[in-house]
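One structure is given below, encoded as structure tokens.
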Amino acid sequence: MSSANYLTLLRIPGAAAFFFSAVVGRVGLAMTGIGIVWLVHARTGSFADAGLVTGCFAVADALGGPQTGRLVDLFGQRRVLLYAVTVHAGAVALLFAGGPLTVTGAILAGVSLPQLSALSAARWAALLRGTPAETALPRAFTLEALANGLSFLAGPALVSAVGAAGHPRLGSLLAAALVVGGGLALAVQRRTAPPVAGRAERHRAGRSLLRPAFVRLVALNAALGVFFGALQVSVTAYALGRGTPDAAPLLYAVSNCTNLAAGWAYGARHRESPPERQRALAAVGLALACLPLTAVEGPVPVAVCLALTGLAVPVLLVLFSVLAETSVDRAVLTQAFTWLGSASAAGSAGAAALAGRAVDAAGPHAGFAVGAAAALGMVALAVPGRPRGLRPGGAVPARRSR
């Protein structure tokens, strides 16, 4: 049943073509950062240098993403993609040149990185809006979340395998080829590209990015990024602290597998409850699964807790996209999606440093506490209080006579 539902979406004319084009490019996106690590380390022999260059790339990507989304909403996907992939290819060439151009190449590669997840999500919204299939939009966003999850499983593994085999340049070259190829394939598909709004509509729509509902979504994505960043550091520290570094990939795999399975199952069913309520329940579930990590010791309890966190994460990601689509005007929808991604990336980067300091000071459980605090913050953001005196439907309860 679930396969039939997903396949029905992909049978919509034009849908499979843009979706799989974006998937190809996203595998390259997932390879780019770790590819820079392998490339710079092979050249300099220093992980510090590799981390610095990769950090410049990540910051440039986080800052440049919303600007790319804004340009797409102004000029359309095709024009921006053609420029972006051209600059990205040139930036990778600068990375290969080495020397003082390495950092410049990394920054340009990050700024020009095509925001293929946001572009694909915007196409789904435009394709399904106003059609009988519009109620299937959450399922389309689930497909996007699954594609991202698979890309970030396969991409880093592929580039690491190539780098470990002694071909770090080949890994970065392959990543760039996938990014450019996927971006160009998406650019030539005009039929499913969202229409560009007029100047007056864009000016009016820009203010919708300041609506409280969307600002809350940005804050939630930043908190989820903190959770991701803290968990990555803490799981590694936990495995190393027990003298079993090989356990770290297994613990990550447990979370990733439940993540993908939960995302697939969630998207396969239609739910009547409001997205805001689902978001609140998923945030509470994430917090409840994360809190025991601050105390449990054995690898099996830790694996169980990580598996439970993986059940909540894909639901939250899908709901963030669904609520973003309804929170802002469609003239700035691509920009809205890129803001969500940038907020998550910024939260993850900051949390990695914070959790690292916490682990050094008090051990892995302190790092898990950073992730748990982020999950509790998500609960506070996702469960806003109702005005006093109002019932769930907005009805004012009648006063009792005295």
Return yes when residue 81 is touching a residue at least 12 places away in the same chain (Cβ under 8 Å) and not in a helix (DSSP H, G or I) and no when it is not. no
Residue match in segment 322-345 (condition: part of a loop (DSSP other than H, G, I, E, B) and not hydrophobic (A, V, I, L, M, F, W, C)): yes
Pick from 157, 145: which is closer than 30 Å to residue 270 by Cβ and either assigned by TED's automatic domain parsing to the domain that holds residue 273 or assigned to a helix (DSSP H, G or I) (or both)? 145
By residue number, the members of segment 349-363 that are assigned to a helix (DSSP H, G or I) and over 23 Å from residue 55 (Cβ atoms) are 362
Among 303, 280, the single one that is touching a helix residue (DSSP H, G or I) at 6+ places or on another chain (Cβ under 9 Å), surrounded by fewer than 23 Cβ atoms within 10 Å (Cβ to Cβ), in the same structural domain as residue 367 (by TED's automatic domain parsing) and under 25 Å from residue 340 (Cα atoms) is 280
Does segment 51-72 contain at least one residue that is in contact with a Cys (Cβ under 9 Å, 6 or more places away or on another chain), over 19 Å from residue 185 (Cα atoms) and surrounded by 24 or more Cβ atoms within 10 Å (Cβ to Cβ)? no
In segment 163-182, what residues are crowded, with 18+ Cβ neighbours inside 10 Å and free of Cβ contacts under 8 Å to residues at least 60 places away in the same chain? none
Condition first: more than 22 Å from residue 125 (Cβ to Cβ) and not hydrophobic (A, V, I, L, M, F, W, C). Now tell me which residues in segment 164-192 satisfy that. 166, 167, 168, 169, 171, 172, 181
What residue, of 171, 163, 183, 149, is in contact with a Pro (Cβ under 9 Å, 6 or more places away or on another chain) and over 23 Å from residue 78 (Cβ atoms)? 149
Checked pairs for segment 93-109, first outside any helix (DSSP H, G or I), second surrounded by fewer than 20 Cβ atoms within 10 Å (Cβ to Cβ) and modelled with pLDDT under 95, C-beta under 8 Å and 6 or more apart or across chains, list as 98/43
Checking residue 172 against (1) under 23 Å from residue 57 (Cα atoms); (2) outside the structural domain of residue 86 (by TED's automatic domain parsing), which test does it fail? (2)
Contact list, first residue from segment 326-338 and closer than 20 Å to residue 198 by Cα and at pLDDT 90 or above, second anywhere and of a type in the set (Val, Ile, Thr) and buried (at least 24 other Cβ atoms within 10 Å of the Cβ), beta-carbon distance below 7 Å, six or more apart or interchain, is 334/72; 336/328
In segment 183-233, how many residues are free of Cβ contacts under 8 Å to residues at least 24 places away in the same chain and hydroxyl-bearing (Ser, Thr, Tyr)? 0
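Matching residues to (1) farther than 20 Å from residue 170 by Cα; (2) without any contact (Cβ under 8 Å) to a residue 12 or more places away in the chain; (3) not in a helix (DSSP H, G or I):
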{"residue": "5", "(1), (2), (3)": "yes, no, no"}
{"residue": "18", "(1), (2), (3)": "yes, no, no"}
{"residue": "28", "(1), (2), (3)": "no, no, no"}
{"residue": "38", "(1), (2), (3)": "no, no, no"}
{"residue": "41", "(1), (2), (3)": "no, no, no"}
{"residue": "48", "(1), (2), (3)": "yes, yes, no"}
{"residue": "56", "(1), (2), (3)": "yes, no, no"}
{"residue": "61", "(1), (2), (3)": "yes, no, no"}
Where residue 186 falls short, out of the listed (1) assigned to a helix (DSSP H, G or I); (2) within 19 Å of residue 118 (Cβ to Cβ); (3) at pLDDT below 90: (3)
Subset of segment 6-59, residues within 16 Å of the chain's Cα centre (by Cα) and of a type in the set (D, E, K, R), comes to 26
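The values are calculated or read from the model by the stated rules, or taken from the named source; none is laboratory data. Since this is a predicted model, take the numbers as computed values, not measurements. Glycine also receives a Cβ, built like all others from the backbone with ideal geometry; neighbour counts cover every protein chain displayed.
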